[in-house]
Structures are given as structure tokens and as C-alpha cells.
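Undergrad: One structure coming up, written as C-alpha cells, with questions to follow.
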Number of protein chains: 2
Amino acid sequence: MRYAPTIARLISELGKLPGIGGKSAQRLAFHILSMPEEKVRDLSDSIVLARESVRLCSVCQNYTDTDPCSVCDDPSRDRKTICVVENPRDVSTMERMREYRGLYHVLHGVYSPLQNVGLDSLKLKELITRLQKDNEIREVILATNQTAEGEATAMYIARLIKPSGIRVTRIASGLPMGSDLEFADDITLSKAMRARHEF
Amino acid sequence: MRYAPTIARLISELGKLPGIGGKSAQRLAFHILSMPEEKVRDLSDSIVLARESVRLCSVCQNYTDTDPCSVCDDPSRDRKTICVVENPRDVSTMERMREYRGLYHVLHGVYSPLQNVGLDSLKLKELITRLQKDNEIREVILATNQTAEGEATAMYIARLIKPSGIRVTRIASGLPMGSDLEFADDITLSKAMRARHEF
């Protein structure tokens with residue numbers, strides 16, 4: 001049985017989204033077909049509107065609809081610290097913790113030669129210019145992911161910033177809370193051992 | 001941190017889709033924001049277009065963009081048999097098997113008083129009218145799900161059709177292939193025992 005071309009197209013478009021496999025795309029498509037037409041329009045509008053209205057904050061490069069964004073514009077934030085993250089989602093993750101009160105810088109990727117992501121496509125120039133212009137900044141926390149690419153990117157940025165005298169730190173790697181030693185991988189374990197501290 | 005209202009709206013719209021929780025909605029939203037604008041428009045168009053162009057086949061009630069649909073219109077199909085399924089997705093599942101060559105009838109739901117789905121909202125009248133008009137039909141296979149609701153709906157339809165003299169069958173329930181007896185639930189096991197056959 002062939003699908004109607006418009007259904008086939010919808011399934012294929014949905015299947016391009018991350019984490020949506022063939023079966024999920026089908027389930028979503030059939031759900032959309034069963035929705036009232038105005039609800040479908042709400043969904044479709046929200047997609048286009050979000051993409052159209054959202055731009056990058058000229059300071060931290062996070063997604064925003066105002067410039068500067070609500071974090072960069074918040075006078076209660078600590079302007080001495082910048083936390084560098086890979087992508088906008090990481091900003092919301094950090095904010096969820098409700099502990100960090102400094103600013104952010106979003107790289108929009110990590111250095112990944114295997115996936116053809118070079119250093120040029122990251123928002124690195126913007127970070128350097130920001131550090132040069134803003135002499136309030138005392139610390140840059142590198143919070144890229146604990147992956148080969150995240151580590152390499154963090155190391156590269158650290159080397160780039162260090163000469164300026166600004167303190168550069170990396171968020172700790174170790175055993176996650178609630179985890180069993182037995183199931184820890186070797187690299188995590190060895191990192192956790194090397195980073196041990198007095199009790 | 002508050003999200004930009006358009007991002008918040010996108011996350012909320014995506015989160016209304018089945019199987020998309022809060023975290024997935026966020027991941028999808030940020031992915032959409034990172035897509036080129038024309039790709040976003042493709043996605044949004046495919047959603048509206050599919051919903052607008054697709055209607056129900058006047059014969060089998062499946063989604064289609066032609067009327068009758070490609071299955072009902074296919075002269076090579078066996079017109080003596082109708083397989084009754086809960087929803088359009090089930091038609092694709094049956095077709096994937098490439099074994100069944102009869103026609104379909106899509107109920108668009110099951111009788112589920114707990115979820116306020118009455119018999120009136122199912123495409124039951126359409127099935128009965130179809131059986132009355134089309135005297136080629138010899139067998140109706142009830143392939144609603146093996147759930148309480150699916151069983152109840154099948155039983156109800158069987159009772160409705162039986163007086164007409166058309167053969168009414170139910171797809172078999174039993175242990176799925178590759179499964180261990182040990183992990184079978186009691187109802188499945190008892191059904192499998194009762195439906196045992198000569199070897």
C-alpha cells in the first residue's frame with residue numbers, strides 16, 4: 001500500500017527530526033491527521049513563528065527574542081563569570097539547577113573534525129571579542145560535554161584564553177550521584193580517582 | 001530563566017503530541033530553531049498540507065487523498081473479505097505483512113466508556129451500511145487490539161453482523177513468536193491454551 005503523497009511527505013519530514021524514528025514519525029503523522037484543523041494550524045504556526053522571531057543574543061549567542069537576552073540583561077546576575085556551553089539547551093539545563101548566577105556563552109557546537117564541524121563554525125570569535133571588550137570578567141567556566149569533542153574544545157578554548165590572565169576552569173568529571181562503582185566506565189573512574197579530594 | 005514566548009509556545013505545542021514528553025519537546029524545539037528557515041517551512045507546510053488534503057475514504061474510512069482510496073480502488077484485492085481495524089496505522093501494519101489481500105474498514109477508535117468514546121463516534125454505521133449495500137462480502141475479520149476495549153468492540157460488532165449470515169472471525173490471540181512461556185501473562189497463556197490445535 002502506498003501512502004497518500006502528502007502523508008508520505010509528512011512522515012518523511014517528521015522523521016528528519018532528532019530522536020524520531022520511522023515508527024514514531026508514522027505515529028505522529030497519524031496523530032496530526034486526526035487533530036482538528038485549527039490545532040494543526042497552531043502547531044504549524046508555532047514552528048514557523050518560533051524560528052522566525054528567534055535570533056541569537058549579540059552578547060551570549062543564546063536564542064532570544066530580545067537583544068540582549070533576558071540573562072545578559074538581568075542586573076542581578078554576576079557579571080564576573082561566564083559559563084561556556086555547547087548549545088542553548090545546556091543553558092536551560094544549567095538554569096534548572098538554580099545555583100549558577102553568572103552569565104553564559106553558547107558555542108553552538110563543538111569542534112568535531114569527524115563531523116566536519118571546524119572551529120570557525122563555533123561562536124568562538126564572539127567569545128574572544130567579548131572577553132577583550134568586557135574587562136569585568138574574572139572567570140570562564142568551560143562546561144562543554146564530557147566527550148572527546150567537548151574535552152578538545154574546552155582544551156582549545158582554555159589555551160586561547162589563558163594568556164589574558166582570566167581564570168579558566170572546567171566543570172568536574174566523576175561518578176554521577178547515585179551511581180554504582182561497578183558500572184562506571186574506566187575513563188570516568190580514572191578521572192574520579194585523579195580528582196579525589198580530602199574528606 | 002524564562003524562555004522567549006515563541007520558544008515556550010513551540011515547546012508546549014510539540015509537547016502535546018503523543019509520546020513527546022517535556023524533555024523531547026525541548027530537544028525538538030531547539031533542533032527546529034537551529035534548522036535553516038526553508039527547512040522549517042518545509043516541515044510546517046507538510047503538516048498543514050497533509051491535514052488539509054487528507055480525507056476519509058468513503059468506503060473504508062481510511063485516510064486518503066483520493067476517493068475511494070488506493071486499497072478500495074485496487075482491482076487485484078479480494079473483495080469478499082473486510083478486515084476491521086481500530087485506526088489507520090493498523091492498516092499500514094497489516095499491509096507490511098504482505099499477506100492479507102482483502103479490504104479494510106477503519107473504526108477510528110474503540111468503544112471505551114472510560115475515555116468517553118461511545119459507539120456513536122466509531123465508524124460503525126458506515127460498516128453496517130457497507131455490508132448491507134455490498135453483497136459480495138463473505139467474511140469480516142475483527143482485528144481490533146487485544147485489549148479490554150478492543151475485545152468489547154469486537155464482541156459488539158460480531159453480535160451486530162452475525163444475523164446477516166456473513167462469517168465473522170477474530171484474529172487469534174496467543175503467545176507471540178520468540179517469546180518465553182515464563183514471561184507470558186496469565187490471560188495470554190490461558191487464551192493460548194484454549195486455542196491450542198493439533199500438531
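Coordinate-derived values only; no laboratory data. Because the structure is a prediction, the values reported are computed rather than measured. Every residue, glycine as well, gets a Cβ built from its backbone with ideal geometry; the counts of neighbours run over all protein chains shown.
Undergrad: Any idea what the B:H31 label distances to the other copies are, label 7 Å down the Cα→Cβ vector, nm, shortest first?
TA: In ascending order, 1.4 nm.
Undergrad: Moving on to the next point. Pairing the Cα long axis of helix B:37-53 with the longest principal axis of chain B, what angle in degrees results, from 0 to 90 and rounded to the nearest 10?
TA: That helix lies at roughly 30 degrees to the long axis.
Undergrad: Separate question: With only alpha-carbon pairs counted, each pair once and no self-pairs, how large is the Kirkwood hydrodynamic radius of segment A:5-53 in angstroms?
TA: 11.4
Undergrad: Please report the Cα spread of chain A along all three principal axes, rounded to whole Å, starting with the longest.
TA: 64, 47, 33
Undergrad: Okay, moving on. Counting other C-beta atoms within 10 Å, and keeping those with at most 13, which DSSP coil trypsin sites (Lys or Arg not before Pro) do you find in segment B:115-199?
TA: B:R196
Undergrad: With respect to the axis carrying A onto B, what is the closest chain A residue by Cβ position, and how many angstrom separate it from the axis?
TA: Checking which Cβ lies nearest the axis yields A:S44, 2.
Undergrad: Here's something else I'd like to know. Quick check for me: using +1 on Lys/Arg Cβ and -1 on Asp/Glu Cβ, what's the dipole size of chain A about its Cα centre, in debye to the nearest 20?
TA: That gives chain A a dipole magnitude of about 280 debye.
Undergrad: Taking 1 over the mean of 1/r across every pair of different Cα atoms in the protein assembly as shown, what Kirkwood radius in Å do you get?
TA: Here the Kirkwood hydrodynamic radius works out to 25.7 Å.
Undergrad: When Cβ neighbours within 10 Å are restricted to other protein chains, what is their mean count per residue of peptide B:124-133?
TA: Average per residue, whole number: 0.
Undergrad: Kindly give Rg over Rh for segment A:79-170, based on alpha-carbon atoms, with the Kirkwood expression for the hydrodynamic radius.
TA: 0.94
Undergrad: List the trypsin sites (Lys or Arg not before Pro) in segment B:1-92 that DSSP assigns to loop (not H, G, I, E or B) and whose Cβ has at most 10 other Cβ atoms within 10 Å. Which are they?
TA: Sparse-neighbourhood loop trypsin sites (Lys or Arg not before Pro): B:R2.
Undergrad: Taking only DSSP H segments of four or more residues, each worth -39500 (n - 2.57), what value at 222 nm results for chain B once the sum is divided by all its residues, to the nearest 500 deg cm²/dmol?
TA: Counting only the DSSP helices, I get -13000 deg cm²/dmol.
Undergrad: Between B:A29, B:A158, B:A148, where does the largest GNM mean-square fluctuation fall for chain B, given springs only between Cα atoms within less than 10 Å?
TA: B:A29
Undergrad: DSSP loop GluC sites (Glu not before Pro) in segment B:6-100 with at most 10 other Cβ atoms within 10 Å of their Cβ, which ones?
TA: Here the GluC sites (Glu not before Pro) that fit, given the DSSP loop and packing criteria, are B:E99.
Undergrad: Still on this structure, I have one more. Based only on Cα atoms, what mean projected area does the convex hull of segment B:1-104 have, in nm²?
TA: 9.0
Undergrad: Related question: Which entries of A:K125/A:K191; A:K16/B:K16; B:K125/B:K191; A:K123/B:K16; A:K191/B:K23 show an alpha-carbon separation above 23 angstrom in the structure shown?
TA: A:K125/A:K191; B:K125/B:K191; A:K123/B:K16; A:K191/B:K23
Undergrad: While we're looking at this one, here's another question. For segment A:1-95, give the magnitude of the charge dipole about the Cα centre (Cβ charges: +1 Lys/Arg, -1 Asp/Glu; no others), in debye to the nearest 20.
TA: In total the dipole reaches around 560 debye.
Undergrad: Return the average number of partner chain Cβ atoms within 10 angstrom of each residue Cβ along peptide A:64-71.
TA: Shielding by partners across A:64-71 averages 2.
Undergrad: If one computes the Cα centroid of segment A:88-164 and of segment A:11-25, what distance in Å separates the two points?
TA: 31
Undergrad: Quick one: dipole size for the protein assembly as shown, taken about the Cα centre, charges +1 on Lys/Arg Cβ and -1 on Asp/Glu Cβ, in debye to the nearest 20.
TA: Here the size comes out at about 40 debye.
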